[in-house]
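Here is the structure we will look at, set down as C-alpha cells.
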Amino acid sequence: MPPVRKRQPSLPQLRAFAAVAEQLHFRDAAAALGMSQPALSGAVSALEETLGVTLLERTTRKVLLSPAGERLAVRARAVLDEVGALMEEAEALRAPFTGVLRLGVIPTVAPYLLPTVLRLVHDRYPALDLQVHEEQTSNLLAGLTTGRLDLLLLAVPLGVPGVVELPLFDEDFVLVTPLDHWLGGREGIEREALRELNLLLLDEGHCLRDQALDICREAGRADAPVTTTAAGLSTLVQLVAGGLGVTLLPRTAVTVETARSSQLRTGYFAEPAPTRRIALAMRGGAARGGEYEELAGALRDALKPLPVRVL
C-alpha cells in the first residue's frame, strides 16, 4: 500500500498561532492580523488538530502556551521568516534592485568607501534596502557562504571556492610617519626602507595587517616583531602621531585619518608602489548575480574621483 500522506499545516494556520503566541490574547492577535477573532480561533484549533498536540491553554481570562506550544512557536516563527525571505527573493527577481541587500564591509574600507556606496544607492537604486555589516574578512566570508550576507566589499584575492570576485580598483599604500621622521613627506621611497622601520600594525584578523606583513617580506624583511597593535586605523595613526613608530595606510584612508593630527607626515613609495585590490564578492550562481555585476560597474564609475586606479 502507498504510504498515507500526513496532513500539513497551512501558512494561515501558522500565522494565526504565531500571532497568538506573541500577543497571548486572541483579540489582540486577531487585530494584528486583520481577521475576526472566531476565524483566528478556528485556525489555531485546526493547527492543533493537524499537529495532534495542544498548543494553547485557554482560560476565561488569559491564554497561555502549553509546553508543546512553547517549543512549536519557535518553529512556526522560523518557518514564517523563511517564507518571508523566499518572497523577498522572488520580488527581487521580478524587480531588480528592490528588496533587501545585506552588504558586508571590512573595517579598513567601510569609513572611506561607504559614503560613495551609500550615495550611489540612494541616487540610483532608491527602492533598494541596503543593510551594512562591518566585520573582519573571515566573518564576512562565513556570512556569505551561509546566506547571512548577500554581497561583500573587501580586499582580494580571497581564493575561496564558490566565491566570485568583481574587482573594483587598485590603490597604493603610503607610509605615515611622525612629523619629525626622516622619511616624512618624501617621495620615491624604496621598499627596502621598511626593513629597518618600527612598523605599527593592526590586530590579528585584519587583512590589512597581513598585507602589510607581505609588503615587508617582499622588501626583504625576514620578520616584523610587533610590540604595539591597534584595533582600528584611527588608533593606529594616533600611535604614529605619538612617535611610537610608522605605519602603512591605503590611499583612500589617508585624507580622513591624517586629518586627525598635525603631528603626521605622509611618504610615497617609488613605482611600483605596494598596492591592494578592492572588489565586491558574491556567491557563485547567486540569483541576483546580474544585479551585483551591474552594481560593480556603477561603483567603478562612482569611485573614479578617489585616489585609486579603477579596473
Q. If we scan the stretch 134-147, do we find a residue that is under 30 Å from Leu55 (Cβ atoms), surrounded by fewer than 16 Cβ atoms within 10 Å (Cβ to Cβ) and either touching a strand residue (DSSP E or B) at 6+ places or on another chain (Cβ under 9 Å) or at pLDDT 90 or above (or both)?
A. yes
Q) Of the residues Leu101, Leu113, Leu80, which single one is closer than 21 Å to Leu303 by Cβ, in a helix (DSSP H, G or I) and touching a residue at least 40 places away in the same chain (Cβ under 8 Å)? A) Leu113
Q. Is there a residue in the stretch 94-101 that is under 13 Å from Leu280 (Cβ atoms) and surrounded by 15 or more Cβ atoms within 10 Å (Cβ to Cβ)?
A. yes
Q. Looking only at the stretch 95-111, which residues are out of contact with any strand residue (DSSP E or B) (no Cβ under 8 Å at 6 or more places or on another chain) and modelled with pLDDT of 90 or more?
A. Pro111
Q: Could you run through the stretch 248-266 and say how many residues are hydrophobic (A, V, I, L, M, F, W, C), open to solvent by less than 30 Å² (accessible area, probe 1.4 Å) and outside any strand (DSSP E or B)?
A: 2
Q: Exactly one condition in (1) surrounded by 13 or more Cβ atoms within 10 Å (Cβ to Cβ); (2) in contact (Cβ under 8 Å) with a residue 24 or more places away in the chain is not met by Asp28; state its number.
A: (2)
Q: Identify the single condition in (1) open to solvent by less than 40 Å² (accessible area, probe 1.4 Å); (2) at pLDDT below 90; (3) in a helix (DSSP H, G or I) that Leu299 does not satisfy, given that it satisfies every other one.
A: (2)
Q. If Pro272 passes every condition in (1) over 30 Å from the mean Cα position of the chain (by Cα); (2) part of a helix (DSSP H, G or I) but one, which one does it miss?
A. (2)
Q: Mind telling me which of the residues Ala68, Ala90 ends up being over 22 Å from Arg148 (Cα atoms) and in a helix (DSSP H, G or I)?
A: Ala68
**Q.** Criterion violated by Glu57 - all others in (1) out of contact with any strand residue (DSSP E or B) (no Cβ under 9 Å at 6 or more places or on another chain); (2) charged (D, E, K, R); (3) exposed (fewer than 15 other Cβ atoms within 10 Å of the Cβ) satisfied
**A.** (1)
Q) In the stretch 156-172, which residues are assigned to a strand (DSSP E or B) and under 18 Å from the mean Cα position of the chain (by Cα)? A) Val156, Val163, Val164, Glu165, Leu166, Pro167, Leu168
Q. Right, Ala46: in contact with a Ser or Thr (Cβ under 9 Å, 6 or more places away or on another chain), more than 30 Å from Arg251 (Cα to Cα), buried (at least 19 other Cβ atoms within 10 Å of the Cβ) and touching a residue at least 12 places away in the same chain (Cβ under 8 Å) or not?
A. no
(Q) Please go through the stretch 267-282 and give me each residue that is of a type outside the set (Phe, Trp, Tyr) and surrounded by 19 or more Cβ atoms within 10 Å (Cβ to Cβ), ordered by number. (A) Gly267, Pro274, Arg276, Ile278, Ala279, Leu280, Ala281, Met282
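What tally of residues in the stretch 22-57 results from selecting those that are more than 22 Å from Arg7 (Cα to Cα) and in contact with a Leu (Cβ under 8 Å, 6 or more places away or on another chain)?
The initial filter retains those residues of the stretch 22-57 that are more than 22 Å from Arg7 (Cα to Cα), namely 22-38, 57.
Next cut, in contact with a Leu (Cβ under 8 Å, 6 or more places away or on another chain) only: 24, 26, 29-30, 33, 57.
Final tally of qualifying residues: 6.
Checking the conditions here, which among Gly285, Gly245 is at positive phi and open to solvent by less than 30 Å² (accessible area, probe 1.4 Å)?
Working: Gly285 fails: open to solvent by less than 30 Å² (accessible area, probe 1.4 Å).
Being at positive phi and open to solvent by less than 30 Å² (accessible area, probe 1.4 Å) holds for just one of Gly285, Gly245, which is Gly245.
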Q) Any idea which of Leu175, Leu194, Leu153 is in contact (Cβ under 8 Å) with a residue 12 or more places away in the chain and not in a strand (DSSP E or B)? A) Leu194
Q. For the subset of the stretch 210-242 comprising residues that are open to solvent by 30 Å² or more (accessible area, probe 1.4 Å) and at pLDDT 80 or above, which member is farthest from Arg277 (Cα to Cα)?
A. Gly242
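The values are calculated or read from the model by the stated rules, or taken from the named source; none is laboratory data. From a predicted model like this one, the values you see are computed outputs, not experimental measurements. Reconstructed Cβ throughout: ideal geometry from the backbone, glycine too, with neighbour counts over all protein chains shown. Just the protein is used for accessible areas: all its heavy atoms, side chains included, with ligands, DNA and RNA removed. Shrake-Rupley method; radii C 1.70, N 1.55, O 1.52, S 1.80 Å.
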